[in-house]
Structure formats: structure tokens, C-alpha cells
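Derivation of every value follows stated rules applied to the coordinates shown; laboratory data play no part. Keep in mind the model is a prediction, meaning the values are calculated, not measured. Here the Cβ is made from the backbone with ideal geometry for all residues, glycine too, and neighbour counts use every protein chain on show.
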Amino acid sequence: MRLLQYNNGSDFSLTGFFDSDIPKYAILSHRWEAEEAAFEDLQNGTGTKKAGYEKIRFCGEQARRDGLKYFWVDTCCIDKSSSAERSEAINSVFRWYCQSTKCYVYLSDV
């Protein structure tokens, strides 16, 4: 499982964990929209320019307020260019939601 964490300031980094070592984390429930910030966008530094980055920032800030260092957002924590990783995520996402410490819901139209 790959989780996001705040760095010093307002940018994020991705860290991979094995199932036995996953720390407490928050998870984001949201509706996919145009201009989501994907894994590749965070890797190459273009994610902040996408509209969906606001959701990532929201989740990270709320997690930090709740005392959580790590958080998970499906749009950018899964490398969708890897069919193996995408398949594992599809099979694991229910468990990841159940095991999260907090679940935030982002409603862009409210």
C-alpha cells in the first residue's frame, strides 16, 4: 500500500508499506471528476496544477488536524499504468477502507 504524507510545507510525498507495517492513516471517499491528480502527476510535479489536487490537499490537511501523518487517495496512490498494481488495488480497496483510522468524504458540489 502506498500512502501520502505531508512534507515540510504544503507538498506531499508517497511512501510504500508492506501489509504488516501499515501505519494509521486516513482515507478519502470522493467522486472522480475531470482533471484528477494521478500518481504520475505527483511523481513529475504537475499534480498541483490539476483541479483534483484540492481533494488531496483537503484530505492531507484534515488528516494532519486529526493527528494522522499518512493518508490515502485512490487517484494518486495507485500507479494505474501497472496492471498488477491496479488489480491488487481493486482486490484490496474494501479492506483499505475498513482498516483506515478515519474516512473523509469530499463533496465538490456542496
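Out of all DSSP beta bridges in the chain, what portion is antiparallel? Express it as a percent rounded to 5.
Of those bridges, close to 45 percent are antiparallel.
For Phe12, which sequence-distant residues (separation of 5 or more, or a different chain) have an amide H within less than 5 Å of its own amide H, given hydrogens modelled in the peptide plane?
Correct list: Asn7.
Convert 4 °C to kelvin, take the viscosity as 1.567 mPa s, use the Kirkwood radius over C-alpha pairs of segment 31-94 as Rh, and evaluate the Stokes-Einstein diffusion coefficient in µm²/s, rounded to a whole number.
So the translational diffusion coefficient is about 103 µm²/s.
Can you give the helix-only mean residue ellipticity at 222 nm for the chain, where every DSSP H stretch with n ≥ 4 adds -39500 (n - 2.57) and the sum goes over all residues, rounded to the nearest 500 deg cm²/dmol?
When only DSSP H runs of four or more count, the value is -10500 deg cm²/dmol.
Count charges around Leu14 for me, please; just the other residues with Cβ under 12 Å from its Cβ, Lys/Arg as +1, Asp/Glu as -1.
Computed value for this residue: -3.
Restricting attention to the alpha-carbon atoms of the chain, what are Rg (one decimal) and Dmax (integer), both in Å?
Rg, Dmax (Cα atoms, Å): 13.0, 38.
Which residue fluctuates the most in the chain, going by a Gaussian network model with Cα springs under 10 Å, if the choices are Ala26, Ala84, Ala38?
Ranking Ala26, Ala84, Ala38 by mean-square fluctuation puts Ala84 first.
Considering just Cα atoms, how many Å³ per residue does the convex hull of segment 4-48 enclose?
Normalising the Cα hull of segment 4-48 by residue number yields 112 Å³.
Could you size up the charge dipole of the chain around its Cα centre, putting +1 on the beta carbon of Lys and Arg and -1 on that of Asp and Glu, and report it in debye to the nearest 20?
320
Exactly which chymotrypsin sites (Phe, Trp or Tyr not before Pro) in segment 13-91 are in a DSSP loop and have at most 10 other Cβ atoms within 10 Å?
When the chymotrypsin sites (Phe, Trp or Tyr not before Pro) of segment 13-91 are filtered for loop state and at most 10 Cβ neighbours within 10 Å, Phe18, Trp32 remain.
If you only keep lysine pairs separated by 8 or more in sequence, or across chains, how many in the chain come under 17 Å at the Cα atoms?
Qualifying lysine pairs in the chain: 5.
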